[in-house]
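Here's the structure we're looking at; comments come further down.
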Amino acid sequence: MTHAANDPRFAFDVTHRMVLAIAVPMTLGLVTVPLVGIVDMAVIGQLGDAALMGGIAIGALLFDIVAVSFNFLRMGTTGLTAQAVGAQDPVSQRAVAYRALMLAVLIGILVILIGPLLIPWALAAMGGSDEVKAAAHTYLLIRLYAMPFSLANYAIFGWLFGLGKSRTGMVLLILLNSVNILLTVWFVLGLGMSVSGAALGTVAGEVAAVVMGLGVMAYMLRDDWRVSLPRLLNKDAFLRFMALNRDIFIRSMVMLVTFTLFTALSARQGDTTLAANELLLHYFMFGGFFLDGIAIAAEQLGGRAIGARYRPAFDKTVRLTLIWGFWLGAGLSALMWLSGDVFIDFLTTAPDVRLVSRDYLLWAALTPFVATLAFQMDGIYIGATWSGTMRNVMLVATTIFIAGAFGMMELFGNHGLWLALLAFLAARGAGLWALLPSCREGSFATASPPSP
């Protein structure tokens, strides 16, 4: 379906209420995501062994390197679905979902086959003591089997977010993470399964979410689920989907270089510093998932405006999500600083980890406010499918982190590492903001967006 820019048939307004109607349910659901990592750390932390905490940290990070690198399935699906909603094209909405699920299953199977061969090499590259590596190896081998389910969930959530079904997404996220948390606590503390129990709890949560998510999709599409094979496998649409996914994949991999290097440089400072930094990094992720609620509102409403070719709605989406994002970021930073001691003591009983964590709490507390613009701009760019620009800005920001990490650690030690992370977050937001006007002009100057 094609139409001219600002066609009144496709016009819609964006209000504070619309932003919050998407952001609030998504925040409630997304906040359970970092709770999984926090509970993993807290449960293992009750065993009082810094090596086991470090093993969970490295194992979870390496799994995320694989899983998050394929997060294009979520992001790309959200952007293309939202644009199809704006263009009022239900067939394209279904086609995007089916393509994403097909790709998720294929990639997941390949990772299960290849992953065990790469784990020893990855652990050697990360560093850490033999005890840390052994714990991480056990964790990773079990979690690999969740990969097809993890990627299928990316596709399902991306489709729901693109449709603006934030309440449904919230319910599925809460289901996934509640199953994960409850079983992790039972397996580790109840059955004494240690690291294996934490990994098995995660696998169970992913499986439960896929089963429920596919059921939700079947119910929503019960009246008309069909997409013709030529439409599903349309060359131009598939190439656009793959090009979008390629750029987001590169962007995600480059971003993970930052967090992988952060963990690797932490490990080289000893098991205690590694455990403290990863504990505080979970604090940052906790704040980040609050901000993701605003980012997903920006994805859906911004993508819908691009699909509708209606610039007033796009501009208002940028403005309102930025306002709410900065208020939320400031509030989160204040809350994290004030509640940091309680958070640290909850996550670990190890006295040395508690002491070191308090030394660097301020930097972790600053991350939500500094990262606000990056999160909000990511949402705008994902919805608009400006993936090439996102990729390029991430390359620049990661270069800044690498230079800053090595330079400032020489002067300030672990404080310098945290300063480099803040510089990385600030550079992402500033770069995307600076390029927004040119990207917007390019999109709204064309007659219509490519068909999803």
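The values are calculated or read from the model by the stated rules, or taken from the named source; none is laboratory data. Just so you know, these numbers come straight off a predicted model, no measurement behind them. Heads up, the Cβs are rebuilt from the backbone with ideal geometry, glycines too, and the neighbour counts pull from every protein chain shown. Surface areas here come from the heavy atoms of the whole protein model, side chains and all, with no ligands, DNA or RNA. Shrake-Rupley method; radii C 1.70, N 1.55, O 1.52, S 1.80 Å.
When region 18-38 is filtered for residues that are at pLDDT below 70 and either assigned to a helix (DSSP H, G or I) or aromatic (Phe, Trp, Tyr) (or both), the ones remaining, listed by number, are Leu30, Thr32, Val33, Pro34, Leu35, Val36, Gly37, Ile38.
Take Gln83 and decide whether it is open to solvent by 20 Å² or more (accessible area, probe 1.4 Å), touching a Lys or Arg at 6+ places or on another chain (Cβ under 9 Å), among the polar types (S, T, N, Q) and at pLDDT 85 or above.
So Gln83 does not fit the description; no.
One residue alone among Phe346, Phe375, Phe314, Phe326 is open to solvent by 70 Å² or more (accessible area, probe 1.4 Å), more than 19 Å from Glu278 (Cα to Cα) and in a helix (DSSP H, G or I), and that residue is Phe326.
Might you check whether a residue that is surrounded by fewer than 22 Cβ atoms within 10 Å (Cβ to Cβ) and closer than 22 Å to Met377 by Cα occurs anywhere in region 262-273? No, region 262-273 contains no residue that is surrounded by fewer than 22 Cβ atoms within 10 Å (Cβ to Cβ) and closer than 22 Å to Met377 by Cα. Here region 193-240 is the region considered, the condition is being among the basic types (Lys, Arg) and either closer than 25 Å to Leu173 by Cα or not in a helix (DSSP H, G or I) (or both), and the residue that is least open to solvent (accessible area, probe 1.4 Å) is Arg222.
Taking the conditions (1) more than 18 Å from the chain's Cα centre (by Cα); (2) more than 19 Å from Leu274 (Cβ to Cβ); (3) at pLDDT 90 or above in turn, Ala447 satisfies each one other than (3). Only residues that are surrounded by fewer than 21 Cβ atoms within 10 Å (Cβ to Cβ) and part of a helix (DSSP H, G or I) were counted across region 86-100, and they come to 3.
Return yes or no: is Leu274 closer than 28 Å to Thr77 by Cβ and among the aliphatic types (A, V, I, L, M)? No: the conditions fail for Leu274. Within region 394-406, the set of residues being free of Cβ contacts under 8 Å to residues at least 12 places away in the same chain and open to solvent by less than 60 Å² (accessible area, probe 1.4 Å) is empty.
Take region 349-362 and flag every residue that is in a helix (DSSP H, G or I) and open to solvent by 50 Å² or more (accessible area, probe 1.4 Å).
Hits for region 349-362 are Pro351, Asp352, Arg354, Leu355, Arg358, Asp359, Leu362.
Which of the following residues is under 19 Å from Val254 (Cα atoms) and not polar (S, T, N, Q): Ile402, Ile380? That would be Ile402, the only listed residue that is under 19 Å from Val254 (Cα atoms) and not polar (S, T, N, Q). Applying the condition of being within 30 Å of Ala95 (Cβ to Cβ) and either without any contact (Cβ under 8 Å) to a residue 12 or more places away in the chain or not in a helix (DSSP H, G or I) (or both) to region 130-167 and asking which residue is most open to solvent (accessible area, probe 1.4 Å) yields Lys165. In the set (1) modelled with pLDDT under 90; (2) of a type in the set (A, V, I, L, M); (3) under 22 Å from Gln88 (Cβ atoms), the condition left unmet by Ala297 is number (1). Taking the conditions exactly as written (within 20 Å of Met394 (Cβ to Cβ) and open to solvent by 10 Å² or more (accessible area, probe 1.4 Å)), does Phe289 satisfy them or not? Yes: the conditions hold for Phe289.
Can you find a residue that is over 30 Å from Phe63 (Cα atoms) and of a type outside the set (A, V, I, L, M) anywhere in region 293-303?
At the first step, the residues of region 293-303 found to be over 30 Å from Phe63 (Cα atoms) are 301-302.
Those still in the list that are of a type outside the set (A, V, I, L, M) too: 302.
Yes, there is a match, as at least one residue in region 293-303 is over 30 Å from Phe63 (Cα atoms) and of a type outside the set (A, V, I, L, M).
On inspection, Asn392 qualifies as under 24 Å from Ala298 (Cα atoms) and among the polar types (S, T, N, Q).
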